[in-house]
Structures are given as C-alpha cells and as structure tokens.
Amino acid sequence: MSYEKVSQARKIIVGTKQTAKALKQGIVKEILIATDAEPRVTANVISIAKEQNVPITYVDSMKRLGKACNIDVKTAAVAITH
C-alpha cells in the first residue's frame, strides 16, 4: 500500500536531506521511511516530522522505496508534498 502511495503521488521529494529541508518549509503532507536504513541517517527527518505532526509511514525496503520513486538507487526517506 505505502509503495503505491509514493508512485501515485503527484509531487515527491527523495532523500533524507531534501526531505528535512521540505519539512522545515512546511510543504510535506506525509513522509515514508525505510526501516532497513541506518537509524543515524533517518533520525533527523523523523524528529522534524514528529515536531510538526507530519504522519510517518514505515516501509521495509530502501530498494523498493527507490523503485517506487522511479529511481534506480535505494532511498531512506521520501516526502509526499502538498
């Protein structure tokens, strides 16, 4: 379900740094975090999302999350924006 959400979203932001930046700008509707990513990589994004009450969905695979974004690399975080 969550992977389909990403592939059907009109506007997404890929990667932890870009997701954190978008969260600070207040344009994120929801974030997806891959549970197989290093916690030190995703901790900042998760923290900002919780502060701003942005829903967090956890998925099991960085590889599948990247594929859902139509990219050929793994990704730890994806933001679905307004």
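The values are calculated or read from the model by the stated rules, or taken from the named source; none is laboratory data. Everything numeric in this text was worked out from a predicted model, so none of it was measured. Cβ: placed from backbone, ideal geometry, glycine included. Neighbour counts: every protein chain shown. Side chains included, ligands, DNA and RNA excluded: accessible areas come from the protein's heavy atoms. Shrake-Rupley method; radii C 1.70, N 1.55, O 1.52, S 1.80 Å.
Computed from these coordinates, which is Cα extents along the principal axes in Å: [x] 29, 28, 19; [y] 58, 24, 22; [z] 49, 29, 15?
Correct label, based on the coordinates given: [x].
Which one of 12, 71, 31 has the biggest mean-square fluctuation once the chain is modelled by GNM with Cα springs under 10 Å?
71
For the chain, modelled as a GNM with alpha-carbon contacts under 10 angstrom, which of 50, 17, 29 fluctuates the most?
Of 50, 17, 29, the most mobile in the Gaussian network model is 50.
Given labels modelled 7 Å from the Cα in the Cβ direction, how far is it in nm from residue 61 to residue 82?
Modelled inter-label distance: 3.4 nm.
Give me the percent of the accessible area of the chain that comes from carbon and sulfur atoms, probe 1.4 Å, all protein chains in place.
Working: 2470 of 5070 Å².
After summing per-atom areas, the C and S share lands at 49 percent.
Keeping to pairs on different chains or 8 or more places apart, tell me how many lysine pairs in the chain have Cα atoms under 13 Å apart. Don't jump to the answer; show the numbers that get you there.
Details: 5/29; 5/67; 11/29; 24/50; 29/50; 63/74.
The result is 6.
With label points built 7 Å along Cα→Cβ from the Cα atoms of residue 71 and residue 29, find their separation and express it in nm.
2.0
At 222 nm, what value in deg cm²/dmol follows for the chain if DSSP H runs of at least 4 each add -39500 (n - 2.57) and the sum is divided by all its residues, to the nearest 500?
Numbers: 4 runs with 37 residues, N = 82.
My calculation for the chain gives -13000 deg cm²/dmol from helical runs alone.
Using the crude model of +1 on Lys and Arg Cβ and -1 on Asp and Glu Cβ, and no other charge, please compute the dipole size for region 1-59 relative to its Cα centre, in debye to 20.
280
With r as the distance between the Cβ atoms of residue 7 and residue 43 and R0 = 30 Å, compute the FRET efficiency 1/(1 + (r/R0)^6) and round to 0.05. Please list the in-between numbers first.
Numbers: r = 26 Å, r/R0 = 0.87.
Using R0 = 30 Å, I get an efficiency of 0.70.
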